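The values are calculated or read from the model by the stated rules, or taken from the named source; none is laboratory data. Note that the coordinates shown come from a computational prediction; the quantities given were computed from them, not determined experimentally. Every residue, glycine among them, receives a Cβ derived from its backbone with ideal geometry; neighbour counts consider all protein chains shown. Side chains are part of the model used for accessible areas, which takes the heavy atoms of the whole protein and leaves out ligands, DNA and RNA. Shrake-Rupley method; radii C 1.70, N 1.55, O 1.52, S 1.80 Å.
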Amino acid sequence: MRVNEIFYSLQGEGFLAGVPSVFVRLAGCPLRCKWCDTKYAWAKDAGQDYSTAEIVQTVQKWPCKFVVITGGEPMIDSDVSQLAQELKAAGKHITIETAGIAYIPNLSCDLMSISPKLSNSTPEDVKLAALHEDSRLDIAVLCELIDNYQYQLKFVVDSANDLPEIQETLKEIGNVDLEKVMLMPQAATRDELLAKSPIVAEMCKMVGFAFSQRLQVLLWNNKRGT
Ligand code: SF4
């Protein structure tokens, strides 16, 4: 598998925010979110080749039960199935972070952390925008993911204007447990996070969704490898 980086930190986002976790970042993503904070992992070859056994061995360097398979977009790599199986055999709790654009059945996954991309993610560049729009939202895949895995749905919010689109997306997916929906401020820096958090907090209070922290930005200002 092509691995961009493996590091030990705290989970920064979602219902497991604050839990010490080892992150396995796989290379490659077909989307081009304009505010993406891991552009260095976009290319399929942005990393080094590891066997699944080498990844498990590296993960075990740290005394930590929680492993987050992230990207890039890990669900486009069919070997993720084998990797999750081996990590599970090693006693790990596995979160897979995905934009919800590809489905793989029967994964050993304890938490599918799905972040469907709204139109606020679309880049300005016309060519990139076309590429992005082509695959950023796949309702059928989102339905399969929530029907078959324990999940959380994290929406990245740029402004209060995003709310109707979030509600429309939830309606299209249908069957979503609203207690598993989270709103997370779009913020690449600590200043941006602190400025947007109160707006997102008010949205959460208004509609009853949970607020998702971005601890990695708050604590380390989005330094790579955190
Ligand atoms: S889906 Fe994730 S990795 Fe891919 S461009 Fe968007 S934010 Fe970046």
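Give me the percent of accessible area attributable to carbon and sulfur for the chain, probe 1.4 angstrom.
Using a 1.4 Å probe with all protein chains present, the chain comes out at 51 percent carbon and sulfur.
So how long is each side of segment 97-226 along the principal axes, counting just the alpha-carbon atoms, biggest first, in Å?
39, 37, 33
How much area per residue is accessible in the chain when the probe is 1.4 Å and only protein heavy atoms are counted (Å²)?
45 Å²
For a Förster distance of 25 Å, can you work out the FRET efficiency between the beta-carbons of residue 44 and residue 85, rounded to the nearest 0.05?
0.65
For the chain, what is the charge dipole size about the Cα centre, in debye to the nearest 20, if Lys and Arg each add +1 at the Cβ and Asp and Glu each add -1 at the Cβ? Could the numbers behind the result be given before it?
Details: 22 positive and 29 negative charges, 143 e Å.
Using Cβ point charges on Lys, Arg, Asp and Glu, the chain gives about 680 debye.
In the structure shown, do any of 34/180; 44/117; 44/65; 127/154; 88/127; 117/205 have a Cα-Cα gap over 31 Å, and if so which?
88/127
To the nearest 10 square angstrom, how much accessible area does residue 172 have with a 1.4 angstrom probe?
100 Å²
Please check which bits of segment 94-110 a label hung off residue 139 would reach, taking the label as a point 7 Å along Cα-to-C-beta and the cut-off as backbone N under 19 Å.
Counting only backbone N, you get 99-103.
Taking a temperature of 20 °C and a viscosity of 1.002 mPa s, what whole-number D in µm²/s does Stokes-Einstein yield for the chain with Rh from Kirkwood over alpha carbon pairs?
On the way: Rh = 17.7 Å.
This corresponds to a translational diffusion coefficient of 121 µm²/s.
Which value in nm describes the separation of the simple spin-label points at residue 127 and residue 53, placed 7 Å from the Cα toward the beta carbon?
Modelled inter-label distance: 4.3 nm.
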